[in-house]
Amino acid sequence: MKIHDIQAIQLLLATPKKIAIIPHRGPDGDAMGSTLGLYHFLLKNNHYPTVIAPNDFPDFLAWLPGSETVKIFEKDTENCTKILEEAELIFTLDFNAFHRTGEMEHTLAKLKATFIMIDHHQKPDDYAAYTYSDTSFGSTCEMVYNFISFLDKKQDIDKTIGTCLYTGILTDSGSFRFPGTTGNTHRIIAEFIDLGVENTQIPILLFDNSSYSRLQLLGRALQNLKVFSDHKTSYTTLTQAELDAFHYIKGDTEGIVNYGLSIQGIVFTAIFIENKDEKIIKISFRSQGGFDVNQFARDHFNGGGHSNAAGGRSEMSMEDTVKKFEDLVTKLKI
Ligand code: 5GP
Ligand code: MN
């Protein structure tokens, strides 16, 4: 961040403010960890922060400290709109364009407040007065740690803030294994552990809390996996009927996409998940190494993200979507 911007933000935060903090739609560990980490920091500095998520977060994140205070725009639109209209400062975290908040985008676009963006996705929009955007970071949570340090407030980071930030660093780095993971990442984690952050308990809360039916759903996704060895690609699908059969709840499909990369020699994978309510197929893409799934998602599936992890959507049927994907894959030279 530019020193100029830091000084301006320090000035803004010098007196108590009404502040809204917003993660992207379908908030994940990094979106919830970063917004709640910042929430606790602002609370500690005598502000009046509220985290407003566009839609609900998955159950496996409900243990995060402060999650009970999070307002859900989709469920409580009137009240959330009021809070947004009254906010003097609005932080948008872990996303780069208003449309990533779904329906909430129309409300955000009308607001006059000062926006601050902290994010690690490519090609940020320019709605924010202050933009801290850097794709080299593995998580927004790591950037929030830096942001607090830039403000000269590192001493405020306590076990609660550390717990939130630890969560997003852990989930967005694929448990410290994706390319954005650096020595600094591990040094920050070490500081968190010294603050008492429960580094062995958090992964259990996040990853070892599956229902039996979630594992059966995973089994189905693994059975549906198709492999194109010549193109180093795999993909799988889950239809709405399959989700229903295994009593799908929000969060159950999290992480399933990664299994497609665990096959030897496969460097590009996707999962197609039908959502009958929204009449779309939601897609997640993952890659290892040089194949840029952000570009692929932007070019072909109305999405985006990072070079090794991106998402997109299709309004065609599952059959047609998968056919389009297969046609593209057979032309790929990976
Ligand atoms: P996931 O596959 O876990 O939903 O998302 C992977 C990454 O791509 C995340 O960083 C997420 O924010 C981003 N992403 C997911 N879906 C979309 C989308 O529809 N559009 C854009 N621009 N990014 C997405
Ligand atoms: Mn993120």
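The values are calculated or read from the model by the stated rules, or taken from the named source; none is laboratory data. Because the structure is predicted, anything quoted here is derived from the model rather than measured. We place every Cβ from the backbone using ideal geometry, glycine too, and count neighbours over all the protein chains shown.
Given the condition within 22 Å of the chain's Cα centre (by Cα) and either of a type outside the set (V, I, T) or surrounded by fewer than 20 Cβ atoms within 10 Å (Cβ to Cβ) (or both), answer yes or no: does some residue in segment 227-235 qualify? Yes, the conditions are met somewhere in segment 227-235.
Figure legend. Inter-residue proximity from segment 176-198: first residues touching a residue at least 40 places away in the same chain (Cβ under 8 Å), second residues among the hydroxyl-bearing types (S, T, Y), beta-carbon distance below 7 Å, spacing 6+ or different chains. Indicated pairs: G180/S136; G180/S173; T181/S173; T185/S173; I188/Y145.
Across segment 272-298, the qualifying residues are those that are in contact with a helix residue (DSSP H, G or I) (Cβ under 6 Å, 6 or more places away or on another chain) and among the basic types (K, R), and the one among them that is nearest to ligand 2 (Cβ to nearest atom) is R286.
Can you pull out every residue in segment 287-307 that is within 11 Å of ligand 1 (Cβ to nearest atom) and either farther than 10 Å from T269 by Cα or within 14 Å of the chain's Cα centre (by Cα) (or both)? N294, A297, R298, F301, N302, G303, G304, G305, H306, S307 - these are the residues of segment 287-307 that are within 11 Å of ligand 1 (Cβ to nearest atom) and either farther than 10 Å from T269 by Cα or within 14 Å of the chain's Cα centre (by Cα) (or both). Of the numbered criteria (1) outside any loop (DSSP other than H, G, I, E, B); (2) within 16 Å of ligand 1 (Cβ to nearest atom); (3) surrounded by 19 or more Cβ atoms within 10 Å (Cβ to Cβ), the one I161 fails is (2). Of all the residues in segment 106-131, those that are out of contact with any strand residue (DSSP E or B) (no Cβ under 6 Å at 6 or more places or on another chain) and either more than 16 Å from ligand 2 (Cβ to nearest atom) or closer than 18 Å to Y39 by Cα (or both) number 9. Residue-level check: of (1) within 16 Å of ligand 1 (Cβ to nearest atom); (2) hydrophobic (A, V, I, L, M, F, W, C); (3) touching a residue at least 40 places away in the same chain (Cβ under 8 Å), L332 misses just (1). Counting only residues that are surrounded by 19 or more Cβ atoms within 10 Å (Cβ to Cβ), touching a helix residue (DSSP H, G or I) at 6+ places or on another chain (Cβ under 9 Å) and aliphatic (A, V, I, L, M), how many does segment 105-124 have? The total comes to 3.
When segment 223-250 is filtered for residues that are under 24 Å from K279 (Cα atoms) and aliphatic (A, V, I, L, M), the ones remaining, listed by number, are L225, L238, A241, L243, A245, I249.
Scoring P124 on the criteria (1) within 16 Å of ligand 1 (Cβ to nearest atom); (2) at pLDDT 95 or above; (3) in contact with a Gly (Cβ under 9 Å, 6 or more places away or on another chain) leaves a single failure, condition (3).
This table checks each residue for (1) surrounded by 18 or more Cβ atoms within 10 Å (Cβ to Cβ); (2) under 17 Å from the mean Cα position of the chain (by Cα); (3) within 16 Å of ligand 1 (Cβ to nearest atom); (4) at positive phi.
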{"position": "I21", "(1), (2), (3), (4)": "yes, yes, no, no"}
{"position": "T50", "(1), (2), (3), (4)": "yes, no, no, no"}
{"position": "L64", "(1), (2), (3), (4)": "yes, yes, no, no"}
{"position": "E68", "(1), (2), (3), (4)": "no, no, no, no"}
{"position": "E78", "(1), (2), (3), (4)": "no, no, no, no"}
{"position": "E103", "(1), (2), (3), (4)": "no, no, yes, no"}
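Do we have any residue at all in segment 238-258 that's crowded, with 19+ Cβ neighbours inside 10 Å, hydrophobic (A, V, I, L, M, F, W, C) and within 19 Å of the chain's Cα centre (by Cα)? Scanning segment 238-258, I find at least one residue that is crowded, with 19+ Cβ neighbours inside 10 Å, hydrophobic (A, V, I, L, M, F, W, C) and within 19 Å of the chain's Cα centre (by Cα), so the answer is yes. Checking the structure you have, find out if any residue of segment 140-154 is within 16 Å of ligand 1 (Cβ to nearest atom), closer than 18 Å to K44 by Cβ, at pLDDT 95 or above and not basic (K, R). Checked segment 140-154: at least one residue is within 16 Å of ligand 1 (Cβ to nearest atom), closer than 18 Å to K44 by Cβ, at pLDDT 95 or above and not basic (K, R). Of the residues making up segment 252-271, those that are over 19 Å from L332 (Cβ atoms) and either without any contact (Cβ under 8 Å) to a residue 12 or more places away in the chain or within 16 Å of ligand 2 (Cβ to nearest atom) (or both) are E254, G255, N258, S262. Return the only residue of L205, L151, L170 being in contact (Cβ under 8 Å) with a residue 40 or more places away in the chain, within 20 Å of the chain's Cα centre (by Cα) and more than 16 Å from ligand 2 (Cβ to nearest atom). The conditions single out L205.
Search segment 6-58 for residues being of a type in the set (S, T, Y) and in contact with a helix residue (DSSP H, G or I) (Cβ under 6 Å, 6 or more places away or on another chain), and hand back the single one that is nearest to ligand 2 (Cβ to nearest atom).
Among them, the one singled out is S34.
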